[in-house]
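Read the structure below first, then the notes.
The values are calculated or read from the model by the stated rules, or taken from the named source; none is laboratory data. This structure is a prediction, so every number in the text was calculated from the model and none was measured. Glycine also receives a Cβ, built like all others from the backbone with ideal geometry; neighbour counts cover every protein chain displayed. When the accessible area is computed, the model is the full protein with side chains, heavy atoms only, and any ligands, DNA or RNA have been set aside. Shrake-Rupley method; radii C 1.70, N 1.55, O 1.52, S 1.80 Å.
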Amino acid sequence: MFSKILIANRGEIACRVIKTARRMGIATVAVYSDADRSALHVEMADEAVHIGKSAASQSYLIIDKFVEACRATGAEAVHPGYGFLSEREEFPAVLADAGVVFIGPNSKAIAAMGDKIESKKAAAAANVSTVPGYMGEIDDPTEAVRIADDIGYPVIIKASAGGGGKGMRIAHGTGEVEEGFRLAKSEAKSSFGDDRVFIEKFIVNPRHIEIQVLGDKHGNVIHLGERECSIQRRNQKVIEEAPSPLLDAATRESMGAQAVALAQAVNYDSAGTVEFVAGQDKSFYFLEMNTRLQVEHPVTELVTGIDLVEQMIRVAAGEPLAIKQSDVTLKGWSVESRIYAEDPFREFLPSIGRLARYRPPNEGSADGIVVRNDTGVFEGGEISMFYDPMIAKLVTHALDR
């Protein structure tokens with residue numbers, strides 16, 4: 001087992017990794033930019049290393065900064081958290097060359113699942129159910145229309161790279177395909193530097209189901225049930241819950257088996273999430289795989305009792321999974337709700353507002369966060385929430401600063 005690890009991230013996820021590492025008796029190294037000198041994760045870690053200016057492009061996105069930090073502190077492994085470099089295939093490769101372990105999947109698995117077109121091809125080869133569509137590159141609007149006509153409307157035009165709802169357009173007819181194709185390519189180019197798009201059948205009234213998988217370096221892969229995130233706004237998740245109210249035991253077993261099959265096909269060896277779109281009739285199709293820890297991973301932890309960060313660390317250290325599929329049971333129900341703030345006076349554009357007052361909730365109470373935006377239009381309101389000591393500490397620390 002490692003004696004010291006570095007967390008290549010900041011904020012809540014860095015605190016989350018530190019919390020588990022401390023329980024496991026592992027020392028931690030935090031990194032910080034100019035903007036994060038006084039951040040909570042810096043105070044919580046055993047050591048902290050400055051890695052650059054406030055802009056992520058000059059700090060958290062520079063791989064060499066983390067290699068240097070590991071050499072300076074003697075950190076044996078790096079946990080990437082989510083975002084930043086967590087799904088950059090060259091990151092684990094560069095770390096390996098420096099003799100540092102990446103606490104995450106191998107670079108080949110990241111590469112295989114990082115491209116939506118190639119991942120769908122891999123899924124089909126592994127006999128995983130995929131949405132009917134055209135997985136090749138599309139050159140122009142005319143070809144896009146022909147393909148859409150063959151698939152049957154409605155269709156969805158999606159960027160091959162990236163995520164977060166960018167580079168996506170739904171089309172119900174020829175004219176919408178032509179316009180959607182141009183807009184999707186343009187947005188994909190500006191957001192991801194890759195303008196490739198593909199077209200597939202759009203599932204009407206879909207449900208979005210994620211299967212949490214966990215693999216080791218000895219060929220063992222299990223799934224930890226599902227999370228449902230069908231309630232979304234602007235293609236961003238708002239409500240995440242486990243288990244899904246849609247699935248029955250048979251569908252859960254079938255969906256989990258397909259997720260495991262895909263993970264095994266790419267030799268996946270860490271925590272990851274296989275995403276499916278499901279119809280109201282419980283039919284389901286593969287969407288993509290996230291080769292990292294998800295923001296909403298605690299939803300799964302609460303119903304399984306399994307610490308995913310701990311499992312990632314143990315797998316990275318070469319330990320075989322101590323959990324068998326038969327050991328995984330879902331108990332109770334958990335939900336995560338994100339605050340999605342919009343300004344109604346600016347055509348409901350996203351506006352996160354300003355946190356003006358915070359009253360830490362007591363466990364089981366209905367106390368919560370009160371938010372006021374810069375214009376003073378939204379007077380706020382109390383939001384019921386489950387008590388999370390880590391989040392409470394983060395917010396209180398930020399306000400104290």
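Here are a few things to note about the model shown:
- Selection within region 80-117 - in contact with a helix residue (DSSP H, G or I) (Cβ under 7 Å, 6 or more places away or on another chain), open to solvent by 20 Å² or more (accessible area, probe 1.4 Å) and under 24 Å from A261 (Cβ atoms): E87, E89, N106, S107, A112
- Flag if V31 is among the β-branched types (V, I, T), surrounded by fewer than 23 Cβ atoms within 10 Å (Cβ to Cβ) and over 21 Å from Q311 (Cβ atoms): no
- The set of residues in region 330-339 being modelled with pLDDT of 90 or more and open to solvent by less than 90 Å² (accessible area, probe 1.4 Å) consists of L330, G332, S334, V335, E336.
- Within region 80-113, restricting attention to residues that are assigned to a helix (DSSP H, G or I) and without any contact (Cβ under 8 Å) to a residue 12 or more places away in the chain, the residue that is nearest to R22 (Cα to Cα) is A96.
- First in region 47-62 and closer than 10 Å to D34 by Cβ, second anywhere and open to solvent by 60 Å² or more (accessible area, probe 1.4 Å) and not charged (D, E, K, R), Cβ under 8 Å, 6 or more apart: G52/Q58; S54/A35
- Qualifying residue in region 264-273 (condition: touching a helix residue (DSSP H, G or I) at 6+ places or on another chain (Cβ under 7 Å) and farther than 24 Å from S129 by Cα): no
- Filter result (open to solvent by 20 Å² or more (accessible area, probe 1.4 Å), outside any loop (DSSP other than H, G, I, E, B) and touching a residue at least 60 places away in the same chain (Cβ under 8 Å)) within region 242-259: Q258
- Hits in region 207-241 - residues which are outside any strand (DSSP E or B), open to solvent by 10 Å² or more (accessible area, probe 1.4 Å) and within 29 Å of I306 (Cα to Cα): K217, H218, G219, N220, S230, I231, N235, V238
- Scanning region 293-323 for residues that are surrounded by 24 or more Cβ atoms within 10 Å (Cβ to Cβ) and in a loop (DSSP other than H, G, I, E, B) returns a single hit, L293.
- Verdict on K120 being under 21 Å from the mean Cα position of the chain (by Cα), open to solvent by 20 Å² or more (accessible area, probe 1.4 Å) and basic (K, R): no
- Scanning region 114-124 turns up no residue that is at pLDDT 95 or above, touching a strand residue (DSSP E or B) at 6+ places or on another chain (Cβ under 8 Å) and either in a loop (DSSP other than H, G, I, E, B) or closer than 25 Å to H297 by Cα (or both).
- Residue that is farthest from K116 (Cα to Cα), among those in region 268-292 that are crowded, with 20+ Cβ neighbours inside 10 Å and hydroxyl-bearing (S, T, Y): S270
- Highlighted here are the strands (runs of 3 or more DSSP E) found entirely within region 1-73 that include at least 2 residues which are more than 24 Å from the chain's Cα centre (by Cα) and on the phi < 0 side of the Ramachandran plot: 47-52.
- No other residue among E210, E200 is of a type in the set (D, E, K, R) and under 16 Å from the mean Cα position of the chain (by Cα) apart from E210.
- If the condition is being open to solvent by 20 Å² or more (accessible area, probe 1.4 Å), under 30 Å from R88 (Cα atoms) and of a type in the set (S, T, N, Q), then region 136-189 contributes only S186.
- Any hit, region 65-79, residues being surrounded by fewer than 16 Cβ atoms within 10 Å (Cβ to Cβ), without any contact (Cβ under 8 Å) to a residue 40 or more places away in the chain, touching a Ser or Thr at 6+ places or on another chain (Cβ under 9 Å) and not aromatic (F, W, Y): no
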